[in-house]
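Read the structure below first, then the notes.
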Amino acid sequence: MSAYEEIMLALRFFFGVEEDENVNEIIGQDHDQIGTIAAALDDYRSVNGEETNV
């Protein structure tokens, strides 16, 4: 899976939406886009057992 695909899956999970268009709209209105993406990815990975300590 590419980084883009994983991030989009994480954001769809985080926001509870199914379409990439919805994710783009929501993230486009966010004041801290990188922080939101990071939080979504951390949340997604912890739920899916992929959490790693770097």
Task: Mean projected area (nm²) of the alpha-carbon convex hull when the chain is viewed from all directions - done: 3.9 nm²
Task: Tilt relative to the chain, helix 20-29 - C-alpha long axis, 0 to 90 degrees, to 10 - done: 80 degrees
Task: With Cα atoms, 0 to 90° folded angle of helix 33-47 axis to the chain main axis - done: 40 degrees
- [ ] For helix 3-15, report the angle its Cα long axis makes with the longest principal axis of the Cα atoms of the chain; keep it between 0 and 90° and round to the nearest 10°.
- [x] 70 degrees
Open item on the list: Pairs of alpha-carbon atoms within less than 8 angstrom and 6+ residues apart define the contacts here; what relative contact order does segment 3-47 have, in percent?
Closed with: 48 percent
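Every number here is computed from the coordinates shown, using simple stated rules; none is lab data. Being a predicted model, the structure only gives us computed values, none of them experimental.
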